[in-house]
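Visitor: Encoded as structure tokens, here's the structure I'll be asking about.
The values are calculated or read from the model by the stated rules, or taken from the named source; none is laboratory data. It should be emphasised that the depicted structure is a prediction, and the values quoted were computed from it without experimental measurement. Every residue, glycine among them, receives a Cβ derived from its backbone with ideal geometry; neighbour counts consider all protein chains shown.
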Amino acid sequence: MKTIVSIAMIFMFANGFAADWKQVSSSNGIVVSKLKVPGTKIVGFRGETSIYASAEKLMHILIDNNHRKDWVDRLKTSNVLETIGPYEYIIYQEFKLPWPLKNRDFVYRGKATRKKDGRVVLVMKSEVHPNAPKTVGVRAELVNSRYTITPIGKFKSKLEVEIMSDPKGAIPKWLVNIIQKKWPHKTLMAIKSQVERKYVKEHPLPPIVEIKISKK
């Protein structure tokens, strides 16, 4: 059953399922929507907004590990365990939670690709890695998360973020959903605050991925 649910979640996130996203809030130019996935009580959330910044600048913010704690909410530790390529890595992160909850940590793979239509998609998903440290509290699962950058001219971009995670442990699913509902808005506001900082450069975008169909 768990395998079927996991496949359903991956398929739904990979294909967008725009008709199934239900708007839950709109403020500061940020629209937040939710997506109920069959077979689980956890709800996926998505935020989208327009930012006056090039796709290359947003790419730098998302890829740069040195400044992640400046904009990722509650992030305490962020260590790259393995760099697979310029747009793919395995990372370990620890997040601070208020007492009496235990901190959560994640080990996940991040991989950025560029589609033929120009969109850049950074997909993040939990996985096991031999260099991962022992968990500091509870090892959570990043079921499926992604950032999507869509260029709008040279100096403006649309940025979307989607999150579906399971913090594991003794946290009620209704509380998880409340926390995750706020996460897209907080994250997009934080990214907006970074675009004019001196550390942000123009990072080259990933090469366009061509889907080749074999001829028989």
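Visitor: When both residues are 6+ apart or on different chains and their Cβ atoms are under 6 Å apart, which pairs have a first residue that lies in the range 113-125 and is hydrophobic (A, V, I, L, M, F, W, C), and a second that is part of a loop (DSSP other than H, G, I, E, B) and modelled with pLDDT of 95 or more?
Guide: Val120/Leu205
Visitor: Run down Ser145, Ser157 and say which single residue is small (Gly, Ala, Ser), modelled with pLDDT of 95 or more, closer than 30 Å to Glu202 by Cα and surrounded by 20 or more Cβ atoms within 10 Å (Cβ to Cβ).
Guide: Exactly one residue qualifies, and that residue is Ser157.
Visitor: Which residue out of Phe106, Phe95 is among the aromatic types (Phe, Trp, Tyr) and buried (at least 20 other Cβ atoms within 10 Å of the Cβ)?
Guide: Phe106
Visitor: Oh, and also: Looking at the range 42-72 only, could you name the residues that are in contact with a strand residue (DSSP E or B) (Cβ under 8 Å, 6 or more places away or on another chain) and assigned to a loop (DSSP other than H, G, I, E, B)?
Guide: Across the range 42-72, the qualifying residues are Ile42, Ala53, Ser54, Asn65, Val72.
Visitor: A further question follows. For the subset of the range 47-82 comprising residues that are charged (D, E, K, R) and over 22 Å from Leu97 (Cα atoms), which member is nearest to the chain's Cα centre (by Cα)? Steps first, please.
Guide: Kept after step one, since they are charged (D, E, K, R), are these residues of the range 47-82: 48, 56-57, 64, 68-70, 73-74, 76, 82.
Now drop any that are not over 22 Å from Leu97 (Cα atoms), which leaves 48, 56-57, 64, 82.
Working: Glu48: 12, Glu56: 17, Lys57: 17, Asp64: 14, Glu82: 18 Å.
Filtering first and then ranking leaves Glu48.
Visitor: Which numbered condition in (1) outside any strand (DSSP E or B); (2) basic (Lys, Arg); (3) at pLDDT 95 or above is the only one that Lys102 fails?
Guide: Unmet for Lys102, out of (1) outside any strand (DSSP E or B); (2) basic (Lys, Arg); (3) at pLDDT 95 or above: (3).
Visitor: Being under 19 Å from Asn103 (Cβ atoms), within 17 Å of the chain's Cα centre (by Cα) and surrounded by fewer than 17 Cβ atoms within 10 Å (Cβ to Cβ) is the filter here, so list the residues in the range 123-140 that pass it.
Guide: Across the range 123-140, there are no qualifying residues.
Results for (1) loosely packed, with under 15 Cβ neighbours inside 10 Å; (2) modelled with pLDDT under 95; (3) in contact with a Leu (Cβ under 8 Å, 6 or more places away or on another chain); (4) of a type in the set (D, E, K, R), shown as yes or no for each residue.
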position: Ala8; (1), (2), (3), (4): yes, yes, no, no
position: Gly16; (1), (2), (3), (4): yes, yes, no, no
position: Lys34; (1), (2), (3), (4): no, yes, no, yes
position: Val43; (1), (2), (3), (4): no, yes, yes, no
position: Thr49; (1), (2), (3), (4): no, no, yes, no
position: Tyr52; (1), (2), (3), (4): yes, no, no, no
position: Ala55; (1), (2), (3), (4): no, no, yes, no
position: Thr83; (1), (2), (3), (4): yes, no, no, no
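Visitor: Is it true that Thr77 is out of contact with any Lys or Arg (no Cβ under 8 Å at 6 or more places or on another chain), exposed (fewer than 14 other Cβ atoms within 10 Å of the Cβ) and hydroxyl-bearing (Ser, Thr, Tyr)?
Guide: Values: out of contact with any Lys or Arg (no Cβ under 8 Å at 6 or more places or on another chain): yes; exposed (fewer than 14 other Cβ atoms within 10 Å of the Cβ): no; hydroxyl-bearing (Ser, Thr, Tyr): yes.
No, not satisfied.
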